[in-house]
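Enquirer: Sharing a structure with you now.
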Amino acid sequence: MANDIRIGIIGAAGRMGQMNIRQVTETDGCIIAGATEGPGNPALGKDAGELAGVGALGVPLIDDAAAMIANVDAVIDFTVPEATVETARLAAQAGAALIAGTTGLTPEQEEEIVKAARHIPVVRAANMSVGVTLLAALTEQVASTLGIDYDIEILEMHHRHKVDAPSGTALALGEAAARGRKVVLGEVKQAVRDGYTGARTPGDIGFATLRGGDIAGEHEVIFAADGERVILSHKASSRQVFAVGAVRAALWTRNQPPGLYNMRNVLGFDS
């Protein structure tokens with residue numbers, strides 16, 4: 001339809017790329033207008049819809065991201081940090097909104113995303129799930145309510161192929177807990193324990209990382225005190241929940257000015 005938002009997918013042959021394609025085709029108000037993969041990828045030239053199992057869309061995978069982004073209203077990128085930084089630069093030049101779900105970016109790479117947001121709407125989130133967004137909001141609220149006597153530990157488990165740890169979602173939950181306590185996460189973060197560590201430092205926010213199987217993502221935020229524990233948790237049984245959030249975010253950007261946004265903004269938590 002003429003009023004549909006035109007969405008492009010970076011990394012369209014990957015697992016999340018295919019899920020994003022399927023979700024766009026299943027969502028009213030948007031269409032797939034472009035899809036890319038890196039040079040030499042065997043999926044180049046194939047129809048994006050056929051690759052994702054939804055039937056031909058007449059949109060072949062190409063390796064020219066600049067040409068694709070110039071032809072869309074919004075671009076979704078769940079790839080790798082270096083590629084996402086380049087996507088942000090090209091989107092800013094083309095005036096296309098960016099939905100970035102890539103994790104593992106360095107502070108310098110995150111700054112490149114911030115620069116792009118001066119020109120276009122950017123929704124940046126380590127986890128696009130609606131449930132995880134709610135979990136982060138609850139984590140901040142509980143952390144602000146419970147005192148320092150409650151130790152905070154964040155447990156996460158993902159599939160064996162995940163390359164960054166702790167997960168971006170776990171770190172986002174840690175940031176939420178730190179905000180609730182009005183502290184800086186970098187000053188209280190405890191991500192590695194090995195050997196004779198001594199007693200736990202009061203006020204630390206700890207992280208535990210598990211990897212194995214095909215787990216899409218499981219996170220727990222544990223508030224542990226003498227005599228009781230409060231546990232907030234989220235389990236994703238399919239990565240499709242991330243695609244649902246990403247497409248929702250893409251539709252939301254249509255009426256937004258340039259700026260750096262997150263899923264809390266998309267869902268109206270911070271409005």
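Enquirer: Taking only region 170-184 into account, find how many residues are under 20 Å from residue 210 (Cα atoms) and touching a Leu at 6+ places or on another chain (Cβ under 6 Å).
Expert: 2
Enquirer: Check residue 178 against each of (1) modelled with pLDDT under 95; (2) hydrophobic (A, V, I, L, M, F, W, C); (3) farther than 27 Å from residue 238 by Cα and name the one condition it does not meet.
Expert: Evaluating residue 178 over (1) modelled with pLDDT under 95; (2) hydrophobic (A, V, I, L, M, F, W, C); (3) farther than 27 Å from residue 238 by Cα leaves (1) as the failure.
Enquirer: Can you name the residue in region 29-42 that is in contact with a Leu (Cβ under 7 Å, 6 or more places away or on another chain) and among the β-branched types (Val, Ile, Thr) and is also surrounded by the fewest Cβ atoms within 10 Å (Cβ to Cβ) among such residues?
Expert: 32
Enquirer: Right, here's the next one. Look at residue 175 and say whether it is under 30 Å from residue 257 (Cα atoms), crowded, with 16+ Cβ neighbours inside 10 Å, touching a Lys or Arg at 6+ places or on another chain (Cβ under 7 Å) and not small (Gly, Ala, Ser).
Expert: So residue 175 does not fit the description; no.
Enquirer: Scan region 252-266 and tell me whether some residue there is under 21 Å from residue 97 (Cα atoms), β-branched (Val, Ile, Thr) and buried (at least 18 other Cβ atoms within 10 Å of the Cβ).
Expert: So far as region 252-266 goes, yes, one or more of its residues are under 21 Å from residue 97 (Cα atoms), β-branched (Val, Ile, Thr) and buried (at least 18 other Cβ atoms within 10 Å of the Cβ).
Enquirer: Still on this structure, please answer the following. Within region 217-229, count every residue that is buried (at least 18 other Cβ atoms within 10 Å of the Cβ) and not charged (D, E, K, R).
Expert: Qualifying residue count for the region: 4.
Enquirer: Okay, moving on. Tell me whether region 256-263 contains one or more residues that are out of contact with any strand residue (DSSP E or B) (no Cβ under 8 Å at 6 or more places or on another chain), outside the structural domain of residue 164 (by TED's automatic domain parsing) and in a helix (DSSP H, G or I).
Expert: no
Enquirer: For region 212-271, what are the residues that are free of Cβ contacts under 8 Å to residues at least 12 places away in the same chain and not basic (Lys, Arg)?
Expert: 227, 228, 231, 255, 268, 270, 271
Enquirer: Ok, one more. Does residue 131 count as touching a strand residue (DSSP E or B) at 6+ places or on another chain (Cβ under 6 Å) and surrounded by fewer than 17 Cβ atoms within 10 Å (Cβ to Cβ)?
Expert: When the stated conditions are applied, residue 131 passes them.
Enquirer: Looking at 55, 45 in this structure, which one is surrounded by fewer than 16 Cβ atoms within 10 Å (Cβ to Cβ), touching a helix residue (DSSP H, G or I) at 6+ places or on another chain (Cβ under 7 Å) and over 28 Å from residue 259 (Cβ atoms)?
Expert: 55
Enquirer: So, one more: Quick check on residue 92: is it of a type in the set (A, V, I, L, M), in contact (Cβ under 8 Å) with a residue 12 or more places away in the chain and either under 21 Å from residue 111 (Cα atoms) or assigned by TED's automatic domain parsing to the domain that holds residue 11 (or both)?
Expert: So residue 92 passes the test.
Enquirer: I need the helices (runs of 4 or more DSSP H) fully contained in region 105-215, keeping only those with at least 1 residues that are touching a Phe, Trp or Tyr at 6+ places or on another chain (Cβ under 7 Å).
Expert: 130-145, 168-181
Enquirer: Give the residue that is surrounded by the fewest Cβ atoms within 10 Å (Cβ to Cβ), with candidates limited to residues of region 14-28 that are out of contact with any helix residue (DSSP H, G or I) (no Cβ under 6 Å at 6 or more places or on another chain) and over 18 Å from residue 71 (Cβ atoms).
Expert: Once the filter is applied, the top-ranked residue is 28.
Enquirer: Output the residue which, of all residues in region 178-195 that are closer than 27 Å to residue 79 by Cα and among the aliphatic types (A, V, I, L, M), is surrounded by the fewest Cβ atoms within 10 Å (Cβ to Cβ).
Expert: Looking at residues that are closer than 27 Å to residue 79 by Cα and among the aliphatic types (A, V, I, L, M), I get 192.
The values are calculated or read from the model by the stated rules, or taken from the named source; none is laboratory data. If you're wondering where the values come from, they're calculated on a predicted model, not measured in any experiment. Cβ: placed from backbone, ideal geometry, glycine included. Neighbour counts: every protein chain shown.
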